[in-house]
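Below: the structure, in structure tokens.
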Amino acid sequence: MAYKKGRPHIPEKVKRQVMTEAGHCCIVRHCNEHIVEIHHIDENRENNDPSNLAVLCDKHHKLAHNKTISRMDLREYKKLLFSPLQPIAVGISEHDKKLLKYINELFSYDTILLIKNEHFQKIVKQEVIDPFIKLFYRSKDPLFRFTDQKLESIRIELLNKAEQFFSHFEQQSAGLENAYEYIDISEIQRIYPQMVEYWSQYSDDTVELANGFCNSMEKLRAEQINYEI
């Protein structure tokens with residue numbers, strides 16, 4: 001919604017009330033940003049009822065305006081300010097739910113097992129690598145990020161480990177029709193026996209990097225269970 005009028009003045013008494021109840025901090029869960037703005041939940045700048053005002057950092061303020069964080073989400077965050085002993089899981093936004101579901105479907109439990117059981121020698125299954133390619137493609141989307149800070153931290157860790165693994169893997173891989181050609185230790189043993197130790201270690205390093213990614217992915221899958229999605 002584009003505002004066509006100047007911003008009406010929020011009464012100082014109301015502003016103090018709203019800022020104090022939020023602890024002068026963005027109300028989105030796990031966001032500890034103290035450089036904040038006051039957002040009108042219904043986007044009516046003349047409605048300065050405290051229940052209609054949400055304290056947000058610049059990033060979450062923008063996400064509220066483009067509807068990534070819905071009005072319903074904001075009202076839930078407001079409720080949580082007055083219920084510190086209640087479970088917080090209801091605070092996750094619809095955007096975060098969809099993104100969490102997408103990543104967990106991309107790297108399902110079976111896919112994680114497939115990656116963990118891959119030896120990264122000679123021929124690597126296409127099903128092991130293709131989810132990474134889809135992940136990198138989707139990560140270019142500016143909205144491919146969580147509003148929840150804990151989930152966003154795991155997403156960043158996940159992408160970093162995926163990039164470390166894939167950068168290492170693609171240096172020695174060659175695409176086949178339904179798989180990837182990789183390090184053939186038996187062939188190296190036959191032609192370059194003095195290089196077997198080096199390439200065996202390279203293969204082991206690939207396995208280690210893949211497992212590092214899987215560990216981060218399992219952290220994200222645990223969050224899906226926490227939110228009962």
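The values are calculated or read from the model by the stated rules, or taken from the named source; none is laboratory data. The model shown is predicted, which means the values in this text are computed figures rather than measured ones. Positions of Cβ are generated from backbone atoms using ideal geometry, with glycine treated the same way; all protein chains shown enter the neighbour counts.
In table form, for the structure just shown:
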{"quantity": "Residue tally, condition at pLDDT below 50, part of a loop (DSSP other than H, G, I, E, B) and within 16 Å of LEU151 (Cα to Cα), over segment 77-94", "calculated": "1"}
{"quantity": "Tabulated pairs, segment 36-56, first basic (Lys, Arg), second not in a strand (DSSP E or B), C-beta under 6 angstrom, 6+ apart or interchain", "calculated": "ARG45/ARG7; ARG45/PRO8"}
{"quantity": "Test result for ILE41, farther than 30 Å from ASN178 by Cβ, in contact with a Ser or Thr (Cβ under 6 Å, 6 or more places away or on another chain) and assigned by TED's automatic domain parsing to the domain that holds GLY23", "calculated": "no"}
{"quantity": "In segment 47-60, the residues that are out of contact with any helix residue (DSSP H, G or I) (no Cβ under 6 Å at 6 or more places or on another chain) and surrounded by fewer than 18 Cβ atoms within 10 Å (Cβ to Cβ)", "calculated": "ASN47, ASP49, SER51, ASP58, LYS59"}
{"quantity": "Any hit, segment 179-189, residues being closer than 30 Å to VAL28 by Cβ, in contact with a Lys or Arg (Cβ under 7 Å, 6 or more places away or on another chain) and either crowded, with 17+ Cβ neighbours inside 10 Å or modelled with pLDDT under 95 (or both)", "calculated": "no"}
{"quantity": "Subset tally (residues that are farther than 15 Å from PHE146 by Cα and either at pLDDT below 80 or in a helix (DSSP H, G or I) (or both)) for segment 95-118", "calculated": "10"}
{"quantity": "Within segment 1-23, considering residues that are part of a loop (DSSP other than H, G, I, E, B) and at pLDDT 85 or above, the one farthest from ILE92 (Cα to Cα)", "calculated": "PRO11"}
{"quantity": "Flag if THR206 is within 23 Å of TYR102 (Cβ to Cβ), crowded, with 19+ Cβ neighbours inside 10 Å and of a type in the set (Val, Ile, Thr)", "calculated": "no"}
{"quantity": "Test: PHE165 is surrounded by 15 or more Cβ atoms within 10 Å (Cβ to Cβ), at pLDDT 95 or above, on the phi > 0 side of the Ramachandran plot and out of contact with any strand residue (DSSP E or B) (no Cβ under 9 Å at 6 or more places or on another chain)", "calculated": "no"}
{"quantity": "Some residue of segment 146-159 being of a type in the set (Lys, Arg) and more than 13 Å from the chain's Cα centre (by Cα)", "calculated": "no"}
{"quantity": "Failed condition for ILE156, given (1) touching a helix residue (DSSP H, G or I) at 6+ places or on another chain (Cβ under 8 Å); (2) without any contact (Cβ under 8 Å) to a residue 60 or more places away in the chain; (3) hydrophobic (A, V, I, L, M, F, W, C)", "calculated": "(1)"}
{"quantity": "Residue that is surrounded by the fewest Cβ atoms within 10 Å (Cβ to Cβ), among those in segment 12-46 that are of a type in the set (A, V, I, L, M, F, W, C) and closer than 19 Å to GLN149 by Cβ", "calculated": "ILE35"}
